[in-house]
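The values are calculated or read from the model by the stated rules, or taken from the named source; none is laboratory data. Note that the structure is a prediction, hence the values are computed from the model and not measured. Cβ atoms come from the backbone with ideal geometry, glycine included; neighbour counts cover every protein chain shown. These area figures cover heavy atoms from the full protein model, side chains too; ligands, DNA and RNA do not enter into them. Shrake-Rupley method; radii C 1.70, N 1.55, O 1.52, S 1.80 Å.
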Amino acid sequence: LRRGALDSDLAGRHVVVSAGGTREAIDPVRFIGNRSSGLQGYALAATAVARGASVTLVSANVALPDPAGAKVVRVGSARELREAVLAGRAGADVVVMAAAVADFRPDAAAASKIKKSGAAPGPISLTENPDILLELGRERAHAGQVIVGFAAETDNVLEHGRAKLARKGCDLLVVNQVGGGRAFGTADNQAVVLGADGTATEIAHGPKEDLADRVWDLVGERLAS
Ligand code: CTP
Ligand code: CA
């Protein structure tokens, strides 16, 4: 049994977790997306349920079974994800943004499928999407709400992570080091959780459920204080 499943330390808490990756329409059949599987967000939702929380999982384009006991809200685009997260945050003790949100979307989605017509179509011009985590961190729904972000960085991980944490105004930022010259199979997938209070907690490479449990441990400390 996991530690959290024994002590139900999140009983009575409501948490919102976003997972997966947004899709930004180019036309009715095409989109700009990313490779997020949703596994980390789903692991966070499942472990929170196991620790007694009431969980809303905002899921963007994920091909995984619903975690038992969580309320799942399906979304497609970054703007839909924003609406669902903002709708859920008022009554939430914790919001975790594990989703990969597309930074940009096509200015306007074509109403009809773009067809081959001899010449290549023109370039797709892009608009920046709203930064949901920044909105959550900068304008708290209520005092004491804990906001958690995720980031993948390639180099100067701590420096970039610290800067991102400060810019977003969140309480915790889970930073994954990707690439950056580190050998595969060693420390490659280590995460460091940076706290707004100056703490840095290393999480050893391991299953996503274990990382999720460590994140809830850190969240729990902030909820208690
Ligand atoms: N995020 C968000 N809304 C966006 C972009 C990102 O809420 N429009 C959230 C992600 O869910 C993640 C965190 O912000 O929790 C960090 O995402 P990341 O892509 O690392 O940061 P960006 O601010 O987009 O900066 P950049 O991609 O330029 O590094
Ligand atoms: Ca980004």
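Looking across G69, G118, G91, one residue alone is open to solvent by 50 Å² or more (accessible area, probe 1.4 Å), out of contact with any helix residue (DSSP H, G or I) (no Cβ under 8 Å at 6 or more places or on another chain) and under 17 Å from L10 (Cα atoms). It is G91. Checked against the criterion of being among the polar types (S, T, N, Q) and exposed (fewer than 13 other Cβ atoms within 10 Å of the Cβ), the range 175-186 contains one or more residues that satisfy it.
The set of residues in the range 89-131 that are within 16 Å of ligand 2 (Cβ to nearest atom) and not hydrophobic (A, V, I, L, M, F, W, C) comprises D103, R105, T127, E128, N129, P130, D131.
If you filter the range 94-115 down to residues that are in contact (Cβ under 8 Å) with a residue 60 or more places away in the chain and more than 12 Å from ligand 1 (Cβ to nearest atom), you find that the one that is surrounded by the most Cβ atoms within 10 Å (Cβ to Cβ) is V94.
Selection within the range 197-225: residues that are part of a loop (DSSP other than H, G, I, E, B) and among the hydroxyl-bearing types (S, T, Y). The member of this set that is farthest from C170 (Cα to Cα) is S225. The listed residues are L86, L134, and the only one of them that is within 16 Å of ligand 2 (Cβ to nearest atom), farther than 18 Å from R30 by Cβ and not hydroxyl-bearing (S, T, Y) turns out to be L134.
Return yes or no: is V193 open to solvent by less than 40 Å² (accessible area, probe 1.4 Å), outside any helix (DSSP H, G or I), more than 16 Å from ligand 2 (Cβ to nearest atom) and out of contact with any Gly (no Cβ under 8 Å at 6 or more places or on another chain)?
Values: open to solvent by less than 40 Å² (accessible area, probe 1.4 Å): yes; outside any helix (DSSP H, G or I): yes; more than 16 Å from ligand 2 (Cβ to nearest atom): yes; out of contact with any Gly (no Cβ under 8 Å at 6 or more places or on another chain): yes.
Answer is yes for this residue.
The set of residues from the range 32-55 being of a type in the set (V, I, T) and surrounded by fewer than 23 Cβ atoms within 10 Å (Cβ to Cβ) comprises I32, V49.
Kindly establish whether L57 is at pLDDT below 95 and touching a helix residue (DSSP H, G or I) at 6+ places or on another chain (Cβ under 9 Å).
no
Which members of the range 141-161 meet the condition of being crowded, with 18+ Cβ neighbours inside 10 Å and in contact (Cβ under 8 Å) with a residue 40 or more places away in the chain? Q145, V146, I147, V148, G149, F150 - these are the residues of the range 141-161 that are crowded, with 18+ Cβ neighbours inside 10 Å and in contact (Cβ under 8 Å) with a residue 40 or more places away in the chain.
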